[in-house]
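> Handing you a structure now.
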Amino acid sequence: MAMAFIWTGMVVLSLVCAILTGNEAALAAATLEGAKAAVTLCISMAGILCLWMGVMEIMKRAGLADKIARLLHPLLRRLFPDFAKDKDVMNTIAANVSANLLGLGNAATPLGLEAARKMSRKTPGVAGDSLCMLVVCNTASIQLIPTTVAGVRMAAGSATPFDILPAVWIASLISVTVGITAAKILSKVWRN
Amino acid sequence: MDLVFALLVPVIIASVALYGICHRVDVYDALICGAGGGLEILLRILPALVGLLTAVYMLRASGALELAAGAFAPLLDTLGIPPETVGLMLVRPISGSAALGTGAELINTYGPDSYIGRCAAVMLGSTETTFYTIAVYFGAAGIQKSRYAVPAALCADIAGFMAAAFAVRLFF
């Protein structure tokens, strides 16, 4: 429902702004151009998106996700101390994070939700420190290859759509670190 | 360095294929199945993109985006973020497809290899749909008291936006 208000807000605001600034003709043309641009965008990014989804599927079937999950265990034990001894929960979290890393959002979400359900049994109705940490880790995008964005860049005519990878990795790393630090600090000062 | 970037994608594809073969995976079948999944994603985002790109184009044509960018420019300048990305930052935590539409519009307008185009791409790649994710996770776990999850996640988002602009300046 939130999107309904945002979308209506955008459209009404445009209309009001266009009348105030005298851009009525441009606004009328824009309504048609926008819809057309959406279809053009989807078609021109289809190839690269499908190709990378295929490569990700190979990684998944070759057991690369499991391998990453094993590598992550020492780090995850520290992030989720309440559940460090709970093998079942730790394995689910590791699978969730490694699916996120590979950009398998469809696989990551159900795993994350399963981990969240298991965690919430300890403190029903209230988000414990570890559950807050899990949510922060999932809201900070940690993705090795941002396929969709590369598709958009390719569609816009970039010769090297993947040259942003190092910048994306650094930005993600900073974002995740700040999120985890904020969660750790807030867990100490937050009342109830 | 240019050669590394140029070869990055072919090297990743070739190594993944070899790794898969060595682990007795039917690499070609996996590739085709995965690619089919890509089509499903496209079908799912196309209707949302039609709605949102229409609204974004209208906002741009009406001059509203320039007004918002102007209002936020001093603040964003001190944070080192290009003010043109203000619309993207406002929708990013709320809707993934709206952010993709707004970002794609920036990338197309300013060019994929421009500073603003790259900033938009890195912002899209390094942040998530925060409010949606929180709603889904806490909904599934039956959580009423979310405590500090929202402020902590928003800290990560703001840091991600600043870091995106910083990283683009660092590499290009």
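> Per-residue mean of other chain beta-carbon atoms within 10 angstrom of the beta-carbon, peptide B:106-118?
Rounded to a whole number, the mean comes out at 4.
> Continuing with the same structure: Of the heavy-atom accessible surface of region B:1-47 (probe 1.4 angstrom), what whole percent is carbon and sulfur?
Answer for region B:1-47: carbon and sulfur cover 74 percent of the accessible area.
> Next question, about the same structure. In the structure shown, do any of A:Lys87/B:Lys145; A:Lys60/A:Lys118; A:Lys85/A:Lys188; A:Lys122/B:Lys145; A:Lys118/A:Lys188; A:Lys87/A:Lys122 have a Cα-Cα gap over 20 Å, and if so which?
The answer is A:Lys87/B:Lys145; A:Lys60/A:Lys118; A:Lys85/A:Lys188; A:Lys118/A:Lys188.
> Still on this structure, please answer the following. Let me check I've understood the local charge: for B:Asp113, count other residues with C-beta under 11 angstrom from its C-beta, Lys and Arg +1, Asp and Glu -1. What total comes out?
Net charge around B:Asp113: +1.
> If the cut-off is 14 Å between C-alpha atoms, which aspartates and glutamates fall inside it for A:Lys184, apart from same-chain ones fewer than 8 positions away?
A:Asp82, A:Asp129
> Can you compute the helix-only [θ] at 222 nm over the protein assembly as shown? Use -39500 (n - 2.57) per DSSP H run of at least 4 residues, normalise by all residues, nearest 500 deg cm²/dmol.
About -27000 deg cm²/dmol.
> Give the Cα extents of region A:28-147 along the principal axes, in whole Å, largest first.
Principal extents (Cα only, largest first): 58, 37, 18 Å.
> Show A:Arg117, B:Arg118 ordered by accessible area, largest first, where the area counts protein heavy atoms only and the probe is 1.4 Å.
Greatest to least solvent exposure: A:Arg117, B:Arg118.
> Leaving ligands, DNA and RNA out of it, work out the accessible area of B:Asp29 with a 1.4 Å probe and give it in Å² to the nearest 10.
Answer for B:Asp29: close to 70 Å² accessible.
> Here is a further query. If you count, for every residue in A:179-187, the Cβ atoms of partner chains within 10 Å of its Cβ, what is the mean?
5
> A:Ile170: accessible area at probe 1.4 Å, nearest 10 Å²?
Near enough 50 Å² of accessible area.
> So for region B:123-172, considering every pair of alpha-carbon atoms, how many percent are separated by more than 14 Å?
Tail of the P(r) past 14 Å holds 58 percent of the pairs.
> Could you grab the Rg to Rh ratio for region A:93-140? Cα atoms only, Kirkwood for Rh.
0.98
> Probe radius 1.4 Å, ligands and nucleic acids left out: can you give me the accessible area buried at the A-B interface, summed over both chains, in Å² to the nearest hundred?
Buried surface at the A/B interface: approximately 7700 Å².
> Next question. Round to the nearest 10 and report in Å² the accessible area of A:Trp7, as given by a 1.4 Å probe over the protein chains' heavy atoms.
Probe radius 1.4 Å; accessible area of A:Trp7 about 100 Å².
> Let me ask another. Enumerate by residue number the trypsin sites (Lys or Arg not before Pro) in region B:1-89 meeting two conditions: DSSP loop (anything except H, G, I, E, B), and at most 11 other Cβ atoms within 10 Å of the site's Cβ.
Filter output for region B:1-89: B:Arg24.
> How would B:Tyr132, B:Tyr110 rank on accessible area, largest to smallest, probe 1.4 Å?
The ranking, largest first, comes out as B:Tyr132, B:Tyr110.
> Count, for each residue of B:15-27, the Cβ atoms from other chains sitting within 10 Å of its Cβ, then give me the mean as a whole number.
Other-chain Cβ atoms within 10 Å of each residue's Cβ, averaged: 4.
> Express the accessible area of the protein assembly as shown per residue in Å², computed with a 1.4 Å probe while the remaining protein chains stay in the model.
Ligands and nucleic acids excluded, the result is 45 Å² per residue.
> Given a Förster distance of 51 Å, report the FRET efficiency between A:Leu20 and A:Thr40 from their Cβ-Cβ distance, rounded to the nearest 0.05.
0.95
> Could you tell me how far the Cα centroid of region B:133-172 sits from the Cα centroid of region A:29-54, in Å?
When both Cα centres are located, 27 Å separates them.
> Here's another thing I want to ask about it. Using alpha carbons only, how many degrees (0 to 90, rounded to 10) separate the axis of helix A:87-101 from the longest principal axis of chain A?
Here the helix axis deviates by roughly 30 degrees.
> What percentages, rounded to whole numbers, describe P(r) for chain B computed over all alpha carbon pairs with 5 Å bin width beginning at zero?
Here the calculated profile for chain B is 1, 7, 12, 15, 16, 14, 14, 11, 6, 2, 1, 0.
> Whole percent per 10 Å bin, from 0 to the bin with the longest distance: what is P(r) over all C-alpha pairs of region B:1-47?
Bin by bin from 0 Å, the calculated values are 23, 33, 31, 13, 0.
> Moving on. When the scattering of the protein assembly as shown is computed by the Debye formula from its Cα atoms alone, each counted once and equally, what is log10 I(q)/I(0) at q = 0.08, 0.09, 0.14 Å⁻¹?
-0.41, -0.52, -1.23
> Let me ask something else. Would you give the gap between the C-alpha center of region A:62-124 and the C-alpha center of region B:51-71, rounded to a whole Å?
Going from one Cα centre to the other spans 40 Å.
The values are calculated or read from the model by the stated rules, or taken from the named source; none is laboratory data. Because the structure is a prediction, the values reported are computed rather than measured. Cβ atoms come from the backbone with ideal geometry, glycine included; neighbour counts cover every protein chain shown. To get the accessible areas, we keep the full protein, side chains included, count just its heavy atoms, and leave off ligands, DNA and RNA. Shrake-Rupley method; radii C 1.70, N 1.55, O 1.52, S 1.80 Å.
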